[in-house]
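Okay, so here's the structure we're looking at.
Please treat every number below as a calculation from the coordinates, not as lab data. These figures come from a predicted structure and were not determined experimentally. Here Cβ is always computed from backbone atoms with ideal geometry, including for glycine, and neighbour counts include all displayed protein chains.
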Amino acid sequence: MSNVAAKIGLVTTIPVEVLFAAGLVPVDLNNIFITAPDPAKLVEQAELEGFPRNTCSWVKGIYTAALRHNIGTVIAVMRGDCSNNEAMAEVLRSKGVEIVPFSFPYPRDRRFLVAEIERLMDRFGTNWDEVEATKRQLDEVRALALRLDELTWQTGNVTGFENHIWSVSCSDFNGDPALFQQQLGDLLRQKESISRDDQDGQASIRLGFVGVPPIVTDLYEHVEGLGARVVFNEIQRQFAMPGPAERDVAQMYLDYTYPYDFEGRLADIEAEVSRRRVDALIHYVQSFCHHQIQDIILRQRIKVPILTLEGDRPGPLDARSRMRLEAFVEMCRQRAVARSLK
Amino acid sequence: MIFGIDLGSRAVKIVTFSEDSFGRFQRMDTMAFYRDFGLRVDGKLAVNLEKLGVRAGDVVVATGYGRHNVGMPELDLAAQVYSGSIDVQVIPELNAHVAGAVHQTGLMAFTLLDVGGQDTKVAQVRDGIMMDFATNDRCAASSGRYLENMASVLGVSLDELSRHEESPANLNSTCAVFAESELIGKIVEGHGPSSLCAGVNWSIWRRLRPLVERLRSGVIVFAGGVARNGALKAIVAQEMGCEVIVPERPDFNGAIGCCVRGRDDVGARSPRRHGDTER
């Protein structure tokens with residue numbers, strides 16, 4: 001279709017196979033917002049245009065990023081992400097940006113998801129054969145990201161931050177899956193060559209991050225500086241689509257936990273906490289986000305210590321959050337010592 | 001000598017410990033403390049330990065918002081000033097307060113409620129160690145500063161504010177600043193001073209309650225400067241239906257915890273020699 005812009009903005013992970021199959025370049029607006037030299041300014045700009053102070057900074061940053069990069073078309077997830085994004089997309093539309101709606105069904109029903117993917121295929125001019133063929137190519141790239149994830153918790157050769165950045169980038173593969181595959185392949189070869197001796201760090205506290213990717217810039221650095229290791233990034237790992245490669249596209253996006261009910265996320269968290277021997281969780285929540293409410297259920301179900309950490313604006317951790325993280329890591333250490341004495 | 005320093009948002013508390021007993025208990029306004037004991041070292045604020053009375057061989061354990069000002073740059077300074085070594089350790093506030101509460105009460109299982117100048121900490125303690133904790137959200141409306149402001153609006157002292165819990169005027173505002181306007185509205189509506197003071201004490205409790213509920217135990221140890229508020233203590237006991245213990249020195253709890261930690265660490269590092277004091 002000649003009127004379609006080459007770059008298509010994403011507000012969250014969607015079946016990106018459709019875009020690659022159509023010869024388009026997906027751009028995850030979250031990533032270009034948070035890696036901008038001045039992410040806080042992007043949030044302020046949206047507020048100057050009238051976005052309320054008490055709404056999510058991710059939404060405001062995405063909005064300004066789309067305009068700054070002259071993104072002509074944005075796929076807005078109207079169900080399965082956040083209702084603030086829905087209103088933000090309407091503001092973008094009022095500024096002349098084409099909004100293509102996409103909804104993950106609730107309940108998680110294959111028929112509805114298939115219909116949504118077909119609507120995307122119609123809009124961008126592709127078909128199931130091309131989309132499934134694209135998935136098979138992307139499977140190879142995702143396999144590398146999932147291998148990096150394994151090395152994170154099995155060997156400790158990969159830091160929590162490396163795991164975060166590569167996993168989170170699987171939403172759009174930085175717009176170039178071939179280059180992404182090559183760079184990640186190089187990194188993996190380097191990581192695989194490190195001896196496993198003394199890398200597992202049995203003495204350090206093994207943490208998991210659950211919740212949306214953090215807006216604060218130094219969370220991983222700070223936590224790992226306290227002598228803890230992040231061995232699980234819940235949502236980021238989902239962006240890399242863990243699960244059997246032989247699934248079709250619809251099944252893969254049905255297995256993807258983030259956009260559906262919290263029960264699915266909990267089952268994934270429970271399994272991974274056990275498999276990765278996670279000592280404690282950090283539940284990252286964004287200020288003003290509906291996911292904060294799910295903290296109630298998380299605490300009921302997951303029986304390891306949980307620190308709920310709230311982030312608002314892009315930038316380094318505030319003094320209060322640093323204090324809470326330090327106290328949390330020390331608490332985990334004391335609990336581990338007490339357990340070993342029993 | 002061990003120096004426990006709690007660098008709080010409203011006050012700096014210093015406690016010393018030697019020969020198995022506590023010596024000095026000193027409380028200073030935070031701004032005055034940094035004015036009188038602050039130093040510029042490489043463009044950063046540091047604490048002049050010498051002026052505080054720290055000498056070679058002493059141990060300093062610090063906590064609170066300003067704790068890293070004690071921990072970092074003045075280590076070099078201390079090395080220059082003293083020929084001996086000064087051991088400066090920095091610990092998170094929650095751990096300091098739990099250590100202080102265990103020491104002051106002798107209890108090993110309780111819920112610690114610490115309400116300070118700008119924040120609130122609640123910790124669940126089992127076998128003498130912290131098992132879980134929660135802190136107030138990004139607002140000072142459940143802290144001592146809120147009580148100070150409200151007392152000032154009412155034109156009463158904190159002591160007077162702390163005497164009333166009966167027939168509270170209903171204050172609902174989430175924001176500490178809006179609560180002041182709400183309080184003025186209640187004055188205009190004709191609520192008496194006692195009802196207004198009680199309303200303030202109940203409003204802070206409503207903000208604390210979700211934190212305390214989540215980490216409840218059979219006993220609550222109530223510390224921090226706000227623990228001096230007798231009305232709030234009575235409200236906590238009534239609403240939670242459990243015993244509430246305010247330690248002898250609630251506002252020095254964090255600094256006492258620092259001393260306890262310093263003592264334990266010194267004990268762990270140096271094997272006891274013949275003639276050493278029994279701990």
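Under the classification rounded if a/c is under 1.5, otherwise prolate if a/b is larger than b/c and oblate if not, where does the range A:254-302 fall, given a ≥ b ≥ c as square roots of the Cα gyration tensor eigenvalues?
In terms of gyration-tensor shape, oblate.
With a 10 Å Cβ neighbour count serving as the proxy for reagent exposure, in which order, fewest first, do A:SER287, B:SER181 appear?
By the 10 Å Cβ count, ascending, the order reads B:SER181, A:SER287.
Going by how many other Cβ atoms sit within 10 Å of their own, how do A:TYR253, B:TYR34, A:TYR106, A:TYR220 line up, fewest first?
Taking fewest neighbouring Cβ atoms as first place, the list is A:TYR106, B:TYR34, A:TYR220, A:TYR253.
How much mean residue ellipticity at 222 nm does chain B get from its helices, if each DSSP H run of length 4 or more adds -39500 (n - 2.57) and you divide by all residues, to the nearest 500 deg cm²/dmol?
Only helices count here, giving -12500 deg cm²/dmol.
Could you give log10 I(q)/I(0) at q = 0.07, 0.08, 0.10, 0.12 Å⁻¹ for the protein assembly as shown, computed by the Debye formula over C-alpha point scatterers of equal weight, without solvent?
Results for the protein assembly as shown at q = 0.07, 0.08, 0.10, 0.12 Å⁻¹ read -0.53, -0.69, -1.00, -1.26.
From the Cα gyration tensor of chain A, with a ≥ b ≥ c the square roots of its eigenvalues, which class applies: rounded if a/c is under 1.5, or else prolate if a/b is larger than b/c, or else oblate?
prolate
Going by amide H atoms built from the backbone, whose H comes under 5 Å of the H on B:ALA62, apart from near neighbours?
It is B:ILE5, B:GLN89, B:VAL90, B:ILE91, by chain and number.
When Cβ neighbours within 10 Å are restricted to other protein chains, what is their mean count per residue of peptide B:122-133?
Per-residue shielding by partner chains comes out at 4.
Of B:LEU161, A:GLY156, A:ASN174, which is farthest on the positive side of the dipole of the protein assembly as shown, counting Cα position, with +1 on Lys and Arg Cβ, -1 on Asp and Glu Cβ, and the Cα centre as origin?
The one lying farthest along the dipole's positive direction is B:LEU161.
For the pair A:ASP38/A:ASP248, report the inter-label distance in nm, with labels modelled 7 Å from Cα in the Cβ direction.
Label-label distance for A:ASP38 and A:ASP248, simple model: 4.9 nm.
Would you mind computing, in nm to one decimal, how far apart the modelled labels at A:ILE165 and A:VAL91 are, each placed 7 Å from Cα along Cα→Cβ?
Spacing of the two 7 Å Cα→Cβ label points: 3.0 nm.
Name the residues whose placed amide hydrogens come within less than 5 Å of the amide hydrogen of A:THR55, ignoring near sequence neighbours (fewer than 5 apart) on the same chain.
none
Over chain A, calculate the relative contact order: mean separation of alpha carbon pairs under 8 Å at least 6 apart, over the residue count, as a percent.
Reported relative contact order: 18 percent.
With +1 on each Lys and Arg Cβ and -1 on each Asp and Glu Cβ, how big is the dipole of chain A about its Cα centre, in debye rounded to the nearest 20?
In total the dipole reaches around 880 debye.
Cβ under 9 Å from A:VAL278's Cβ, A:VAL278 left aside: what net charge do those residues give with Lys, Arg +1 and Asp, Glu -1?
Value of the local net charge: +2.
Each residue of the range B:25-33 in turn: what ³J(HN,Hα) in whole Hz from Karplus with 6.51, -1.76, 1.60 and θ = phi - 60°, glycine and Pro shown as x?
10, 10, 10, 10, 4, 4, 5, 5, 4
List, in order, the whole-Hz ³J(HN,Hα) value for each residue of the range A:256-267 obtained from phi through the Karplus relation with A = 6.51, B = -1.76, C = 1.60 and θ = phi - 60°; use x for Gly and Pro.
Each residue's phi maps through the Karplus curve to give 4, 7, 3, x, 9, 5, 5, 4, x, 5, 4, 4 Hz.
Give, as a single signed number, the net charge of other residues whose beta carbon lies under 12 Å from the beta carbon of B:ASP29, with Lys and Arg counted +1 and Asp and Glu -1.
+3
Which ³J(HN,Hα) values, rounded to whole Hz and listed in residue order, are derived for the range A:36-48 from phi using the Karplus coefficients 6.51, -1.76 and 1.60 in 6.51 cos²θ - 1.76 cosθ + 1.60 with θ = phi - 60°, glycine and proline given as x?
Listing the rounded values in order: 5, x, 9, x, 5, 5, 5, 5, 4, 4, 5, 5, 5 Hz.
With +1 assigned to the C-beta of every Lys and Arg and -1 to the C-beta of every Asp and Glu, and no other charges, what is the dipole magnitude of the protein assembly as shown about the Cα centre in debye, to the nearest 20?
1060 debye
Normalised by the residues of chain B, what does the relative contact order come to in percent, with Cα pairs under 8 Å and at least six apart?
Value for chain B: 22 percent.
Can you give the FRET efficiency to the nearest 0.05 for B:GLU248 and B:GLU148, using r as the Cβ-Cβ distance and R₀ = 35 Å?
Efficiency for this residue pair is about 0.95.
Hey, which lysines would be in cross-link range of B:LYS233, C-alpha to C-alpha under 16 Å, not counting anything within fewer than 8 residues on its own chain?
Result set, ordered by chain and number: B:LYS121.
Would you please give the residues with an amide H less than 5 Å from that of A:ILE282, counting only those at least 5 places away or on a separate chain, with H modeled from the backbone geometry?
A:GLY208, A:PHE209, A:VAL210, A:LEU307
Taking only DSSP H segments of four or more residues, each worth -39500 (n - 2.57), what value at 222 nm results for chain A once the sum is divided by all its residues, to the nearest 500 deg cm²/dmol?
-16000 deg cm²/dmol
Explain nothing, just the number: relative contact order of the range B:107-248, from Cα pairs under 8 Å at least 6 residues apart, as a whole percent.
30 percent
How would you rank A:MET331, B:MET240, going from fewest to most other Cβ atoms within 10 Å of each one's own Cβ?
In order of increasing Cβ crowding within 10 Å: B:MET240, A:MET331.
For a test of the definition: using alpha carbon positions, the gyration tensor, and the 1.5 limit on a/c, classify the range A:5-158 as rounded, prolate or oblate.
Because a/c hits 1.5 or more and a/b fails to exceed b/c, the range A:5-158 counts as oblate.
Could you sort B:171-178, B:104-111, B:47-54 so that the peptide with the highest average Cβ count within 10 Å comes first and the rest follow in order?
B:47-54, B:104-111, B:171-178
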